[in-house]
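Presented below is the structure to which this report refers.
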């Protein structure tokens, strides 16, 4: 009898939020970090892809499919980015937040450059909007609002936690935006190139002088003609840096660097070196800013 009473008392004192919290699955580390912030003190969302895995090449494993089927809500950018999810989700009843369908988010059109053979399909030529929308704190604030509202609907017992956490997180993101603006202002007029055109949200948020990308599609090799055009552009426009990234750092960058004596840097839009928690987004954005600053100021 005493053992039964102990078990009953144990369950009575388990926080209700821990029992009722929905299972949330998030595709990318920066989005996962924001969702983790909204769910703080309630539950921990599950991350589908770590930052070392490129969505460009990913194929779902059986364990991933089980996660999708067992989740209460999946949060993703959309089929123009995580295109490997399009068909599985069409065949599933899983509820989702598809961020590229959210009208409140800033969405920028995919850019083109003077390379007639370049494209930037991310798996579907019909998509015209740049999917890297998490790379501005302004959108991050909107994402937090969207997630908090949806979680409050799914889990009204814990709505007060989600709303409180969202309020705190939105204030932190406003401060982050201010800090990054101050950090990046001294280098905003220095021109640079990126290998993969995934940074225009960050560039526009901080008025950086990005001159475009070496390629609009990392899957398409660059022609000799394009290489010569890039070398001429670097010299003509006094480009200070070429940035690769964690997922894409091809020999082309070294080739251009050697030919033009230009500095190089490596950007990480996923925060791969940081633990996947509610602080990752902030660390990742500061790291991006620091990488730009170090390379762009290297000639001073």
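The values are calculated or read from the model by the stated rules, or taken from the named source; none is laboratory data. Computed from a predicted structure; not experimentally measured. All Cβ positions, even for glycine, are placed from backbone atoms using ideal geometry, and neighbour counts span all protein chains on display.
Here's the yes/no breakdown for (1) assigned to a loop (DSSP other than H, G, I, E, B); (2) out of contact with any strand residue (DSSP E or B) (no Cβ under 9 Å at 6 or more places or on another chain); (3) surrounded by fewer than 21 Cβ atoms within 10 Å (Cβ to Cβ):
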| position | (1), (2), (3) |
| --- | --- |
| 43 | yes, no, yes |
| 52 | yes, yes, yes |
| 57 | yes, yes, yes |
| 68 | no, no, yes |
| 84 | no, yes, yes |
Restricting segment 233-259 to residues that are surrounded by fewer than 16 Cβ atoms within 10 Å (Cβ to Cβ) and touching a residue at least 24 places away in the same chain (Cβ under 8 Å), the residue that is nearest to residue 147 (Cα to Cα): 250
Of all the residues that make up segment 172-210, how many are in contact with a strand residue (DSSP E or B) (Cβ under 9 Å, 6 or more places away or on another chain), surrounded by 14 or more Cβ atoms within 10 Å (Cβ to Cβ) and without any contact (Cβ under 8 Å) to a residue 60 or more places away in the chain? 8
Considering only segment 260-300, how many residues are crowded, with 20+ Cβ neighbours inside 10 Å and part of a helix (DSSP H, G or I)? 10
Could you tell me which of the residues 106, 143 is at pLDDT 95 or above, assigned to a helix (DSSP H, G or I) and outside the structural domain of residue 224 (by the TED database)? 143
